[in-house]
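J.: Sharing a structure with you now.
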Amino acid sequence: MDRKKELKQLYKETKVEAGVYQIRNTVNNKVFIGSTRNLKTLKGKQFELEVGTNTNKVLQSEWNQYGKEAFSFEVLEVLKPKETGFFDAKRELKKLEEKWMEKIQPYEERGYNRMKPADL
């Protein structure tokens with residue numbers, strides 16, 4: 001098997017994990033909580049911040065101000081799929097993210113997330 005086919009096969013076999021993550025500003029301890037269906041995309045979130053294209057303006061501004069050394073990326077929880085029966089990964093991921101939002105409360109001076117109108 002040639003190298004390209006090997007890499008393609010390896011990619012197909014790589015397990016995709018969904019979960020909830022946080023981006024923490026180690027200078028002021030503010031956090032951003034988010035979720036993704038593929039935790040490997042966290043490098044993409046870091047890249048967005050590095051090139052200045054993150055849609056969270058406050059987070060982007062503080063990233064620009066303090067630099068990447070002031071931020072840490074951490075997986076808070078990996079979504080564990082049910083072994084049997086129907087499993088709505090998208091819905092379960094949303095519930096998992098809501099659990100962490102409730103626990104950490106990353107709003108206003110504590111974080112970069114915005115409260116949804118229903119939360120006010």
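The values are calculated or read from the model by the stated rules, or taken from the named source; none is laboratory data. What you are looking at is a predicted structure, and each value in this text was computed from that prediction instead of being measured. Methodologically, a virtual Cβ is constructed for each residue, glycine included, from the backbone with ideal geometry; neighbour enumeration extends over all protein chains shown. Calculation scope for accessible area: heavy atoms of the full protein, side chains included, ligands and nucleic acids excluded. Shrake-Rupley method; radii C 1.70, N 1.55, O 1.52, S 1.80 Å.
J.: For the chain, rounded, prolate or oblate, judged on the Cα gyration tensor with a ≥ b ≥ c (square roots of eigenvalues), a/c < 1.5 rounded, else prolate if a/b > b/c? Intermediate values should be presented prior to the final figure.
T.: On the way: a/c = 2.74, a/b = 1.31, b/c = 2.09.
Oblate, because a/c is 1.5 or more while a/b does not exceed b/c.
J.: Within the chain, what whole-number % of the accessible surface is contributed by carbon and sulfur, with the 1.4 Å probe and all protein chains included in the calculation?
T.: Numbers: 4560 of 8750 Å².
C and S atoms contribute 52 percent here.
J.: Calculated FRET efficiency, Lys80 and Met115, Cβ-Cβ r, R0 25 Å, to nearest 0.05? The partial results should precede the final answer.
T.: On the way: r = 28 Å, r/R0 = 1.12.
Given R0 = 25 Å and the Cβ-Cβ separation, E is 0.35.
J.: Considering only DSSP beta bridges whose two residues both sit in the chain, what percent are antiparallel, to the nearest 5?
T.: Working: 13 of 15 bridges.
Beta bridges within the chain, antiparallel portion: roughly 85 percent.
J.: For the stretch 17-120, what is the accessible area per residue in Å² when the probe is 1.4 Å? Display every interim value, and only then the final one.
T.: Details: 6870 Å² over 104 residues.
Counting only protein heavy atoms, the per-residue value for the stretch 17-120 is 66 Å².
J.: Expressed as an acute angle from 0 to 90° and rounded to the nearest 10, what is the orientation of the C-alpha long axis of helix 3-13 relative to the principal long axis of the chain?
T.: 70 degrees
J.: List the lysines whose Cα lies under 26 Å from the Cα of Lys103, skipping any in the same chain that are fewer than 8 positions away.
T.: Hits, sequence-local ones excluded: Lys30, Lys40, Lys43, Lys45, Lys57, Lys68, Lys80, Lys82, Lys90, Lys94, Lys95, Lys116.
J.: Hey, another quick one. As a check on your grasp of the helix formula, calculate [θ] at 222 nm for the chain: sum -39500 (n - 2.57) over DSSP H runs of n ≥ 4, divide by the residue count, round to the nearest 500. Could you put the intermediate results ahead of the total?
T.: Working: 4 runs with 47 residues, N = 120.
My calculation for the chain gives -12000 deg cm²/dmol from helical runs alone.
J.: Using the basic label-point model (7 angstrom from Cα toward the beta carbon), what is the Glu6 to Lys43 distance in nanometres?
T.: If labels sit at Glu6 and Lys43, their model points lie 1.9 nm apart.
J.: In addition: Fully extended, how many nm does the chain gain between Lys90 and Thr26 (0.36 nm per residue separation, minus their Cα-Cα distance)?
T.: Details: separation 64, 0.36 × 64 = 23.04 nm, distance 3.02 nm.
Stretched fully, the Lys90-Thr26 segment lengthens by 20.0 nm.
J.: Oh, and also: List the aspartates and glutamates whose Cα lies under 17 Å from the Cα of Lys5, skipping any in the same chain that are fewer than 8 positions away.
T.: Glu13
J.: Could you compute the net charge surrounding Lys90? Neighbours are other residues with a C-beta less than 12 Å from the C-beta of Lys90; K and R count +1, D and E count -1. Don't skip to the end; give the middle numbers.
T.: Details: positive: Arg37, Arg91, Lys94, Lys95; negative: Asp88, Glu92, Glu97.
Net charge around Lys90: +1.
J.: Find how many whole Å separate the alpha carbon centroid of the stretch 1-32 from the alpha carbon centroid of the stretch 72-120.
T.: Going from one Cα centre to the other spans 18 Å.
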